[in-house]
Structure formats: structure tokens, C-alpha cells
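Inspection log for the structure reproduced underneath, given as C-alpha cells.
The values are calculated or read from the model by the stated rules, or taken from the named source; none is laboratory data. Bear in mind that the values here come from a model prediction, so they are computed numbers and not experimental data. All Cβ positions, even for glycine, are placed from backbone atoms using ideal geometry, and neighbour counts span all protein chains on display. Calculation scope for accessible area: heavy atoms of the full protein, side chains included, ligands and nucleic acids excluded. Shrake-Rupley method; radii C 1.70, N 1.55, O 1.52, S 1.80 Å.
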Amino acid sequence: MSRTNNQHTGHSKLLDFWSPPPEAGEPIGCVATTYTFSSVFFEEDCLSRFLNMESDPDNDGSVFLIEREEKMASAQCISVLVDQHNCRGARSLRWDIIPARIPKAIMHAKISVLCWSKLVRVLIGSANITEQGYRINQEIFGSLDFHEGSEIPVSALKTILDFLREMVDYSTNSPDQPEVLRWHNFLTDIEKRVTNWGRTNPYWGGKDVRIYPLLIGPKRQDIFSQLRNYWNQASSRPPEYAWITSPFFDPPDSPNIPAEKIWHVLNQRGMACVCYFVRAEENKDKKRLVIKAPESLRESAPDQRSSIDIRFINVTEMFDTKEVRAFRPLHMKSIWLQNDEWVLYVIGSSNFTTLGTGVGNTANFEANIVYMASRTQNKAAVNMLKKSSLPKDGKDDLIIDEYAVWERQANEDEPDSECLTLLPSVFGYAIYGRNEQMRAFVRLCFTSQDLPKGFSLSQEDGKEVFYGERKWVEDGKPLEVSLEWKSDLPPSGFHVMWDGVKNSAWWPVNIESASALPPPPELKDLPLEVLMSILTSARPLHQVIVAWLKKKQGSNGKPPVDPHKKVDTTKFLFQRTRQLSWVLRTLRERLERPFHTKESLHWRLRGPIGVLTLAKTIMREGKSEDEKAFLVAEIVLELGRIKPKEDTPRSLKREVVEEELRSVIHEIKKVILPSIQISDDLIKTYVSKAFRESLK
């Protein structure tokens, strides 16, 4: 249950904000951070919306996989930074997963940066990337859209991008990891893309809604210091009221520093009030009120002041619907500050804990957004912010007497590591790639030789060992080892065991580059007829494949009824040339259009339906050596005639596209042409001329 964003307020579906608005353009890439994580939910729900997919994973089977393959292959970067406690699970290697190892703390920020060619959207809130977070819990989030003419300060986006860089660098072992380089390069490209997007003038007066990022982490200012700073930029008088929403607090047996610090933010003379939204329930048998929060919240109020008040409001977690009574756990986090002039509303991931607010010796990584609005000059904005917050009307105020019971709740800031085996940092990173002979390998990188005794890696928990201590010692205890990978299916990670542990740890695998990934089975070794149909069709790839699969299943191997279709024209060079000419003309038109990522250009040139695949398919199905040579020459000539359109400010430059085209021509000349035995002198001359003209 989401609650606020910069365009709509109130109750919204967070997943809807992963879908591009009509004017957003093509998907470029996305990065996200989360504490708990579901790879299946991310792939099938979040990414399918971001990529604007038409097929459905539950109903369309292989069609969904084909469409996802095509659209993900065209994205510059898709990556998720996940806290190490929850960084596991099978997935497609088309996107990266990066474990975040934070000493004595956790990676708790929830940020998603979604980049389309004409819009960058930042989502910051309390919801983890799980079905529980997106569909069941009571959560809160804000959406910031940056585009030409946007009123949100572009400096806010740059601050968030710097924070994303900081988190990855703090969490990983090596800046040279391929997935870390992709993360950084993508964020740098976003900065270039949004140079002239968003507000550049400073806030002045009270007519604007002021928006600031409030980011917590090691060696950063705590949340209360940042709140005072933002408040003082607008108002000369401190806030008098604070409403705090948090499902988790510090344990009762430790000092409640956040509960003490909030009073320092408020008015120091005269009236001041703090109100906590908490979960509570009545124990009717014992006639007790059970408050699911520590009593230290109440005890932390200053004793020497008489003009202060502290209140507690019950948050409902049971909701009656038309069909059932639904339980929606409270998971949102917010702080609302107010005096008679201004309101400040901060929402995001920070629990009201020492680690969550950053007031201790260490801190979680947390991400929040601050909204400020004037109560006198922008009443409409204040009312919209109120709609996205919990009601403050006092109807659910708790009456606390001597029979009230304060009950400690499990704190998500303090994960139970005893029930989960964490991967030691000595296991640096694992990469899947291909060598010059196109043989697949897995590269394992260790940070030192101090590996745990008896370690072993297996693809399935408790099954056949892929690599282990014995082989590592035989190899001379290297810090980096490359192993041949014989399976057609790349590994998404390894189960790691060692002496003394009961449960395995998970070591995720990422790719060296997109070119290392094999095509899905449905796109492997497509017949030339089908490949040409795909390249000339105006329909999306997955729709053409569906039609072909249906046709293939419907024929059942029977000969065609149409007598004209009984004639085998595949031996007729003229017929094949005419068909290929139409394919190449369509292909040239598509390659002359602007490309927004190098990955989409690579897909068109080197992917399973690209130019190189077309040339290799002709080599496989050509009926004679001379026919193969002639048709390959036609491809080369067409590539040489391509004139990429003048680049737009955010598309690939013409020189980049032309360089890739020449690279493909050189590869055809070096790899494909030598394998053709040309007997006809005229065709041999024609082929030589084709390569000369195309490489001018």
C-alpha cells in the first residue's frame, strides 16, 4: 500500500510506477537497492513493467522468455544491490545482483532509479522488492520524475546518484568487478542525460514544495542533524509537533537515543509534542493493553519541561474488504514535523532506531525523501501531504495506564545471522564469461588465501562439488581461478560450504559481458526462412516466433497442400537474392535509426537475430559455396551503405554506430569469408569489390 509521490498523493500501487508513462521513450536501464529481495518478483513483476512487456510469465511460457531476452539484451544496465543476508536465488544473468556487506549494519535503503530515453524516475520508500512489500504491507514511497521542464531540482538526482555510487563502493571488494563497472558507467550516463533536466534555481519563499534527499550511512550526518538543517532553511522558528511512524524501535534494554534526539529538534521553549504511531492490541482476558513498542519512547521525554506532551496512536493492521478481512502489517516509516508556518514530511526506509537514524557509532545505509510545504502559502500541498500520511485526528489515541504492557518486537535492523550462513568476504566475486574460442568459463576471485577450511562450491545444495579446497591447493592457492563451464545453462550462483557450518552460503555469479550469454533455446539455430521473416516483420520478435511455433506444430511434418509450395526454390540463387534484398533493405532502415544504448546496437548486429547470425545461417543453409559467397557479399555491401541518422542529444553518436558496423564487416571478412571455397571467378571478383567498397 503506497502513499505518496510527486504527482499523485494518497493510495497508489507501487508497481504502477515501474511502468513508463506514454512520453518516457525506450527503456535504457535501471538500478535498485533493497534489504529483503525476491528475484522472481523482480524479474516477472518489476522488470516486465519497466520494459513494457506484452507477454505474461504465467500464461505465455517461452514467449515471455523470448520477449524478456530481447528487451533485457537492449538495456544498458539492470542491477540490484541487495543486503548480504538476502542476496540469493536463481535468476536470469541478463541482470546483475551485487551483495552488500556492511560491517555491523545492513544495506537498508530502498531506491529504484528507472531510466527511459526521455525520463528518469527515482522511487524511494519503505518497501523491499518483494511481493510482501509491494502488495501486502502498509508501505510508503515517493516518486521523483526528471525530464525536460521538470520542477524537481536536478541537484537532488545527482545527490542520489552519488549515494548509489558510495553504497556500491562501500559494499564490494574490487572496483574492477564487471558488475560494479556497469553500475558506475550507467550512473555516469544518467548524469550526462539529465544535465539540463530539472530545476536549477534555489527554493525561495513558501509557494514551492521543497524536496530534498535525506540519506543515511557510515560517516554521514544523522537524520536529526539533516532535519534541522532543512527546517532552518525555510523557518526561523523550530517545529512544535512531531508525528513518528515506525514498525521497529531499539530494544528496551538499551538507551533509546532516537527518542531523546527528536526532542532536540522541536521547540525548546514553550509547547512541544511528540506522537508515535504504534501497533497495539487489547488482551481482553487479562484486561491489558499490549503496546508493541519499548516503554523507553515515553521515558525519553525531558523531565525538566512541563509544557510537553507525548502521545501514542494505534495503527490498524486489519482491514475489512468486500470478500475477506485482510492483514496488512505496518512497514512504513515517516516523520512529520510542524509548526503554524511549515510542515516537513520525511518518508523512506529509516526505522526509528539507532542504526536507522544514524545516531550511533555506525549506521545502516538508508534513503528518505523530505517534502516541505508552507501552511500559509501552499495549503493545497499541505493537504495533499496529509492524505498520504496516517490520520492525526486523535480518534485512535491510546489511553495508557498502569495495566499497559510494552512488548519488544523483532527488529529488522538486527537480522538473525545464526539462522543464516553469510558468505565470508574472502570470497570476492564470481564471473561467467567466454574466451576467444567462445568456450564458457567461470572465474572465481578471492581476496586472500585465508579461505575457510574444507570449502566447496556446488550448483545444487549438497550435490556434486564444482570446485573445492583440494583442487584449490593443487592449483597453488591462486587468488583467481578460471574453470571451464560445460553446461549450456549458465550458473546464477553457487552454494558454498565449509567445515563447521550447517547451512550453505550463496555466492552469486554475474556476467563478464552480455556477449557471454548463450541465446535462449527458442532463438538458437533458427532456419533462414524464419530469421528472414523476423528481420522483415514489423511485429515484435516474440509475436513472430509465436506464429512460427504454431505453424511448425500445426504442420505435423506433412507436405504443403499448395502445389506452388511443393516447388523447392531454395536452389535458385535469383529467388534467394530477391528474398535477401528485402531483408537487407529492412535491416538497413532499422540500423539507420538512432540507438539509445550500445547494448541495443549489439543486439541488432551480434544477437541471435542480428547481422552476424544472418551471415552464419547463410553459411549453414547455403546450397553451394558460390551462393554463400554471393549472399554474404550482399550483406557486406548493405552494411557499407548504412548512414546512421544524425544523433539526438541522448542517442549514440553516428561515429559509434559506424565503428561497430565496420567491426562486424571485419569480423565477417576474418572469420566467415575464409571458410568459403569460391569456384566462380566472377563471384570472387564481386566479393572482393564488396569488401573494398564497404570498408572505404
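Numbers for the structure displayed
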item	result
The stretch 44-131, Cα convex hull volume normalised per residue, Å³	115 Å³
Nonlocal amide H pairs with ILE400, under 5 Å, H built at 1.01 Å	none
Cα centroid of the stretch 123-178 to Cα centroid of the stretch 472-528, whole Å	29 Å
Computed lengthening from LYS395 to GLN268, 0.36 nm per intervening residue step minus Cα-Cα distance	43.0 nm
DSSP-assigned coil residues among GluC sites (Glu not before Pro) in the stretch 398-498, each with at most 10 further Cβ atoms within 10 Å	GLU402, GLU436, GLU460, GLU464
Entries in LYS551/LYS670; LYS219/LYS379; LYS71/LYS192 that, when Cα-Cα distance is taken, lie over 28 Å	LYS551/LYS670; LYS219/LYS379
About the Cα centre, charge dipole magnitude for the stretch 225-343 (Lys/Arg +1, Asp/Glu -1 at Cβ), debye	140 debye
Nearest-20 debye value, the chain charge dipole, Cβ charges on Lys, Arg, Asp, Glu	1980 debye
Linear extension gain, GLU131 paired with ALA234, 0.36 nm per residue minus alpha-carbon span	33.2 nm
Accessible surface of the chain [probe 1.4 Å, protein heavy atoms]: carbon and sulfur percent	48 percent
Environment charge at TRP498 (Cβ cut-off 10 Å; Lys +1, Arg +1, Asp -1, Glu -1)	-1
Accessible area in square angstrom per residue, the stretch 617-696, 1.4 angstrom probe	57 Å²
Per DSSP, loop trypsin sites (Lys or Arg not before Pro) in the stretch 180-283 with at most 10 further Cβ within 10 Å	LYS219, ARG269
Stokes-Einstein translational diffusion, the stretch 345-442 - Kirkwood Rh over all Cα pairs, 0.890 mPa s, 25 °C, in µm²/s	124 µm²/s
Relative packing of peptides 681-694, 420-433 - highest average C-beta neighbours within 10 Å first	420-433, 681-694
Candidates per GluC sites (Glu not before Pro) in the stretch 277-358, loop by DSSP, up to 11 other Cβ within 10 Å	GLU323
Cα radius of gyration and Dmax for the stretch 188-275 (Å)	17.1, 51
Residues of the stretch 345-419: accessible area per residue with a 1.4 Å probe, Å²	47 Å²
Peptides ranked, highest mean first, by Cβ atoms within 10 Å: ranges 23-29, 59-65	23-29, 59-65
DSSP-defined beta bridges in the chain - what % are antiparallel, rounded to 5	70 percent
Local electrostatic count at LEU523 - Lys and Arg +1, Asp and Glu -1, tallied over other residues with Cβ under 9 Å	-3
Size-normalised alpha-carbon gyration radius of the chain, reference 2.2 N^0.38 Å	1.13
Contact order relative to length of the stretch 142-257, as percent, for alpha carbon pairs under 8 angstrom and 6 or more apart	30 percent
Under 17 Å from LYS261, Cα to Cα: aspartates and glutamates that are on another chain or at least 8 residues apart	ASP222, GLU240, ASP250, GLU295, GLU299, ASP303, ASP309
The stretch 242-281 - convex hull of the alpha-carbon atoms, volume per residue in Å³	89 Å³
Net charge over other residues, Cβ less than 15 angstrom from the Cβ of TRP342 (K, R count +1; D, E count -1)	+3
CD proxy at 222 nm, helix term only [per DSSP H run n ≥ 4: -39500 (n - 2.57); per residue of the chain; nearest 500]	-9000 deg cm²/dmol
Hypothetical label at GLN221: residues of the stretch 245-273 whose amide nitrogen lies under 14 Å (7 Å Cα-Cβ projection)	265
Label-point gap, in nm, between TRP204 and GLU23 - each point 7 angstrom along Cα→Cβ	2.6 nm
About the Cα centre, charge dipole magnitude for the stretch 618-696 (Lys/Arg +1, Asp/Glu -1 at Cβ), debye	240 debye
Per-peptide average of other Cβ atoms within 10 Å, ordering 303-309, 288-294 highest first	288-294, 303-309
